[in-house]
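One structure below.
The values are calculated or read from the model by the stated rules, or taken from the named source; none is laboratory data. Given the structure is predicted, the values throughout are model-derived calculations rather than measurements. Neighbour counts run over all protein chains shown; Cβ positions are idealised from the backbone, glycine included.
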Amino acid sequence: MTMPDITISLDDLDQHVVTFGMDVYPAIEIYVERTRLNMFYEEAHEEWPDLFDVLTASDFEYRISKAFKKEPAKSGGPSLPVNIFELSKRGPVVQLPLVLPNPIGSTNLETTFLERFTKIRKLFFKHLPGRSLLRVGLVRDVVFATGEQRCDSFLVAAPKLAAAELQGGSCRFHYRDDKCNVVLQLDPVQAMTVTQLPVGATFSQHGGFGLHVKLDVNNAEIRPLSDEDIDIVIERAASLWPRILLDYIRGRVSG
């Protein structure tokens, strides 16, 4: 059985989210730093009201979220909440959605997300000084919609094993250069649509196939990072999108 060739392009983007993760030392204890964290939220909310909206905080939880709507925003229309900033046990995590599933689509952050991350990072460490940033990474999370074409051919050339049909799988590749780790994961996905019936019941149905791509770039050496070190990692991660990553993925099928 020969599987049909699949072409993917930027026109097929159904989701595109970038996440910046940071490992810091000493660790941030939320219940100790509540006052400083609240000061960070107040200034971030004033500076970027389009991103920093709802604060959820306790002695052991800290996150800031924003509900995105289709532009121009319509009262009562569907929205999708995204955790823009949160504290993990390892350190701050900044998540910026560039494209969200329909009906929201583009969030108009594509041209500013790198600059925004740099400013958010510097504002955070202004309010929580005395810590070293040991690792920084950019994770690019992308879903390409492929309609009714399955994406198994991105995983293997042979879709059968002893007459058994491939039903799913995942590929994970780990690369390294003199500065960075580069981890790429490919997962075929199947979209499902959920319909709410007037009587209150719901049912799901097939909504097409897609390819989930996760690209994670972070510094290989763990040590206190300067601003220049951070820029090297982020620029390396940014340089892989879109041409290099798309050429690599397409080559798994055409090659």
Residues in the stretch 23-53 that are of a type in the set (S, T, N, Q) and exposed (fewer than 13 other Cβ atoms within 10 Å of the Cβ): how many?
1
Scan the stretch 122-138 and give yes if some residue there is under 30 Å from ILE6 (Cβ atoms) and assigned to a loop (DSSP other than H, G, I, E, B), otherwise no.
no
Name the pairs whose Cβ atoms lie under 7 Å apart, with the first residue in the stretch 134-147 and more than 14 Å from GLU228 (Cα to Cα) and in the same structural domain as GLY21 (by TED's automatic domain parsing), the second in a strand (DSSP E or B) and among the basic types (Lys, Arg), and 6 or more positions between them or separate chains?
VAL139/LYS214; ASP141/LYS214
Would you pick out the residues in the stretch 62-120 that are within 21 Å of ALA44 (Cα to Cα), within 13 Å of the chain's Cα centre (by Cα) and assigned to a strand (DSSP E or B)?
VAL82, ASN83, ILE84, PHE85, VAL93, VAL94, GLN95, LEU96, PRO97, LEU98
Are any of the residues in the stretch 77-95 over 23 Å from GLN15 (Cβ atoms) and exposed (fewer than 13 other Cβ atoms within 10 Å of the Cβ)?
yes
